[in-house]
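As structure tokens, the structure follows; a few thoughts come after it.
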Amino acid sequence: MLDTLFPCAAVKARPSRRASPGASFPGLARLTLAVLGLFSLAAGPAAAAEPALRQLDIADYRAYLAEDHPVRQGMRRFADLVQAGSGGAVRVRVRTDALPGSPAQQIAALQAGGADAPALMLVAATGLAALNREFELLDLPFLLRDERQADALLDGAFGHALLARMGQCGLVGLAWWENGFRQLTTSGRPIRRAGDLRGLNFRVIGEPVFVEAFRAMGANPIPLPFGQVYEALASKQVEGQDNFYSQILAGRLYEVQSSLSVTRHSYGAMVLVANAEAWGRLTAAQRAVLQAAAVEAGRFQRSLVRDEARQARASLVARGMAVNELEPSERTRLRELTQPMRDRYFGKHKDDLRRLYQAGVGLHEQTTSGASGRETAAGTMYYKTYNWETLK
């Protein structure tokens, strides 16, 4: 492993207010100038030499995203921040294509750093579980209640601990981005109560966590790739599926599904990762710029995802889908049904992750049935470090 490899530089600045894509970046500029100033002082006269221009590529794991998709906008934001923060010494090219193959094959190509591989790539946390099983914790059902808990968990010690684990895999974890919360859709009876899932054939992602989650909730999980979901729903091979609002809209699933139930049962995290060798070839000052830009662009991208989710939900209603909000008691029941699963998965990993999770989201997980969690002093103190009004 390169001795210049830093698995994750901890960034614990408070989330900034949302900015429009054309806004300036005063916070990043101040951080970058301070970092570059320190390195300039340390380098002495040699610092006067012009740094070599570095060109890096960034890509998403999906090639079909529209240009106005939050991920595409976030990558362009990242490129602008890097160019501004480095004074033009580092340029980032946003690719519209994706590496071929499955997520596992894409990540392997990123690790190998071949001629066609980007230096930076956005990957779903689900895909990273094959490299490090601790990432599967993020796919657990009802791990998070809402966006505030997601921000607290990923921007805090739990998220930092997971990013640091990536150094063992030949990758550098820079920052957390997101796909958002998943909801349920059906073509028959709507899901209004926990018991309504019992016996339904449900399409799920072909990963153990998703299969076990729907089995625990009483459904009959059927793993299928997304490309086969529309036809499976149209032919009644499956009666329902779960997905993000934006994906339901983009996949035209409203044509073969009549009801949407707001469950927020699963959160889709993404990570901006770098190839270790490409990262090691950067100077320490350049790495600091990229790290800060990744975090800032990630916060910007998350805010766009949340706005898009509200717009996509309204579009689905306009296209005839009935939206059902589950009563809190029914969501609590689904959470109770999946509690043993969360206990089992956390039990497979080091205890520090369970403790960091509990503190990060302000919940004290109970293993006894009927306990949906309570706020702890640690969680309350953690929340006080954030200005939540800027994240709405």
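Brief remarks follow.
- Residue match in the range 89-99 (condition: in contact (Cβ under 8 Å) with a residue 40 or more places away in the chain and open to solvent by 20 Å² or more (accessible area, probe 1.4 Å)): no
- Contacts under 6 angstrom Cβ, first residue in the range 330-354 being of a type in the set (Lys, Arg), partner outside any helix (DSSP H, G or I) and modelled with pLDDT of 95 or more, 6 or more apart: Arg335/Phe142; Arg342/Leu140
- Each residue in the range 268-286 was checked for being over 20 Å from the mean Cα position of the chain (by Cα) and crowded, with 21+ Cβ neighbours inside 10 Å, and 4 of them qualify.
- Number of positions in the range 299-338 that are under 26 Å from Met270 (Cβ atoms) and either assigned to a helix (DSSP H, G or I) or in contact with a Cys (Cβ under 9 Å, 6 or more places away or on another chain) (or both): 21
- Residue in the range 125-173 that is modelled with the highest pLDDT, counting only those that are polar (S, T, N, Q) and closer than 19 Å to Asp352 by Cα: Gln149
- Failed item in (1) more than 24 Å from Arg77 (Cβ to Cβ); (2) open to solvent by 10 Å² or more (accessible area, probe 1.4 Å); (3) within 19 Å of the chain's Cα centre (by Cα); (4) not β-branched (Val, Ile, Thr), with Gln111 passing the rest: (3)
- Scanning the range 250-267 for residues that are under 19 Å from the mean Cα position of the chain (by Cα) and in a loop (DSSP other than H, G, I, E, B) turns up nothing.
- Considering the conditions (1) under 20 Å from Glu136 (Cβ atoms); (2) surrounded by 19 or more Cβ atoms within 10 Å (Cβ to Cβ); (3) of a type outside the set (Phe, Trp, Tyr); (4) in contact with a Gly (Cβ under 8 Å, 6 or more places away or on another chain), Thr185 is excluded by exactly one of them, (1).
The values are calculated or read from the model by the stated rules, or taken from the named source; none is laboratory data. Model, not experiment: these values are computed from the prediction. Cβ coordinates were reconstructed from backbone atoms using ideal geometry, including for glycine residues, and neighbour counts include every protein chain displayed. Areas reflect the complete protein model, heavy atoms only, side chains present, ligands, DNA and RNA absent. Shrake-Rupley method; radii C 1.70, N 1.55, O 1.52, S 1.80 Å.
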